[in-house]
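Worksheet for the structure shown next.
Here, each number is a calculation from the coordinates, and none is a lab measurement. From a predicted model like this one, the values you see are computed outputs, not experimental measurements. Quick reminder, even Gly has a Cβ in these numbers, built from the backbone with ideal geometry, and neighbours come from all protein chains shown.
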Amino acid sequence: MKQLNVGLIGGGFMGKAHSLAYAAMPMFFWPAPAIPVRHTIAEASDELAAEAALRFGFQRSTSDWRSVVEDPAIDVVDIATPNHLHAEIAIAAAQAGKHIISEKPLARTGAEAKEMYDAVVAAGVVNMVAFNYRRTPAVALAKKFIDEGAIGRILSFRGTYLQDWSASPDSPLSWRFQKAIAGSGALGDIATHVIDIARYLVGEFDSVNAMMSTWIPERPLQSSGADALGTVRGGDGPRGAVDVDDQVMTMIRFAGGAIGSIEATRNGYGRNNFITFEVHGTEGSIVFNYERRDELQVCFASDGDDRRGFRTIYTGPAHPYGKDLWPIPALGIGYGETKIIEAHDFFTAIAEGTSVSPNFGDGYQTALIDDAIVESAETDAWVDVPGID
Ligand code: NAI
Ligand code: SOE
């Protein structure tokens, strides 16, 4: 069986998730498309890299990501760093002929995403952007129902991504609150996941009309390091300015004629990873809530008036990815499984010489939607979303 050497750059939250996925993917998907070998991990210092290698099962470690990209032994470069490094690493990796998976958002702006897209197209390497929530089996089942026409022509999409991990003003000024590193706030960090789901289920965006707010303008300084996602609180020390959004809401006109809305906040007390969507069609409706991610609720207009209502489907072996996951519905799909499925689909594309979605083209299109949302919020007007060139 083919083995592919992975060079993972960044050993924080996503370094952990991706390492777990590489170890577990062949345990679920067998025969595996290829065996991921955890070859080299890069971190910000030699000490962090050595610790990450030990923890996540990598053979080698380094504090120089360029040495990973340039290493002829590496087949796959996995970018799990804060957002400002995605473009530089991805472009260097493409030029070195490596297959690339990059965490989301692909880039801080559409212009940056275009450079990355152009680089992978020129290099002809397999590329993927890690919008993993569309690989939740219930979300893939919603896609199957929509493609089958089970709810008819799509009329509307309502999506949310609501969190509260940074709702406290004492949650520190990590990289996620710095525009130079993150690009944007709730928009790039979490709304993009729902934008990806909306594109997956409904199709391309025609135009947007958005509002963005920053509720907490200053936070306790955090000089560097992994984002502890609100689990560590700053004290009475110095504070720095937040220059990204805490909340974004946008109305959407889809190119296919549907209308919709997406809202995302990191200040929604009581909401944790509240990714939801509701899709209404001419023949029925579909409802999903990630906090109950084994379930998909569907209502079909063809049901008689006396029994019409939402029914709950628990995803299992009969559903997308199900035969390779757990043998009984509702044993439980977790965040980890979405990353394992993502790794499977990425490695399948490499092994078979095909492409995979969402790829850098999808990440670039999402970045153009982000740009349009920012422009709309600034100008208080509808803004057309261009297609990728
Ligand atoms: P994190 O802050 O937990 O970890 C980032 C790691 O990168 C840190 O350990 C840091 O030391 C390391 N790093 C910084 N500079 C580096 C360099 N020059 N070389 C090597 N390593 C370096 O961040 P997290 O949460 O893992 O986020 C990473 C990326 O993943 C971001 O783009 C984020 O948007 C994305 N993300 C995606 C998620 C998803 O559900 N798909 C979930 C969480 C994050
Ligand atoms: C923080 O908002 C975060 O870790 C995001 O960066 C991820 O993309 C999301 O999946 C979970 O929350």
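Descriptive notes on the structure:
- Highest mean packing comes first when the peptides 315-321, 174-180, 365-371 are listed by Cβ atoms within 10 Å, giving 365-371, 174-180, 315-321.
- For region 9-58 versus region 134-151, the gap between their alpha-carbon centres in whole angstrom: 30
- Local charge for residue 56 was computed over the other residues whose Cβ lies under 14 Å away, with Lys and Arg +1 and Asp and Glu -1, and equals +2.
- Remark on residue 205: its backbone amide H falls under 5 Å from those of 255, a criterion applied only to residues 5 or more positions apart or on other chains, H modelled at 1.01 Å from N.
- In this structure the amide hydrogen of residue 155, modeled in the peptide plane, comes within under 5 Å of the amide hydrogens of 280, 281, 282, none closer than 5 places in sequence on its chain.
- Residue-wise HN-Hα couplings along region 295-303, as the Karplus relation 6.51 cos²θ - 1.76 cosθ + 1.60 with θ = phi - 60° gives them from phi, are 10, 10, 9, 10, 9, 9, 4, 6, 5 Hz; Gly and Pro carry x.
- Structure remark: mean-square fluctuation, Gaussian network model of the chain, C-alpha springs under 10 Å; the largest value among 132, 272, 289 belongs to 272.
- Taking θ as phi - 60° and the Karplus parameters 6.51, -1.76 and 1.60, the scalar couplings of region 39-54 work out to 8, 9, 10, 10, 9, 6, 9, 4, 5, 5, 5, 5, 5, 5, 4, 5 Hz in sequence order, x denoting glycine and proline.
- Vicinal HN-Hα couplings computed from phi for region 8-14 (Karplus, 6.51 cos²θ - 1.76 cosθ + 1.60; Hz; Gly/Pro x): 9, 10, x, x, x, 3, 6
- In loop segments of region 280-323 as defined by DSSP, the GluC sites (Glu not before Pro) with at most 15 further C-beta atoms inside 10 Å of their C-beta are 283.
- With coordinates expressed along the principal axes, the C-alpha atoms belonging to the chain extend over 66, 53, 41 Å, beginning with the largest.
- Surface/4 estimate of mean projected area, convex hull on alpha-carbon atoms of region 3-132, nm²: 7.2
- Working note: Cα atoms of region 151-302, range along each principal axis, descending, whole Å: 61, 31, 21.
- When each of 144/179; 2/179; 16/323; 104/143; 114/323 is checked by Cα-Cα distance, pairs over 32 Å: 144/179; 2/179; 114/323
- Radius 12 Å from Cβ of residue 11, net charge of other residues (Lys, Arg +1; Asp, Glu -1): -1
- Peptides 274-281, 325-332 ordered by average Cβ neighbours within 10 Å, highest first: 274-281, 325-332
- Amide H contacts of residue 218: 242, each under 5 Å away and 5 or more positions distant or on a separate chain (H built 1.01 Å from N in the peptide plane; Pro and chain starts excluded).
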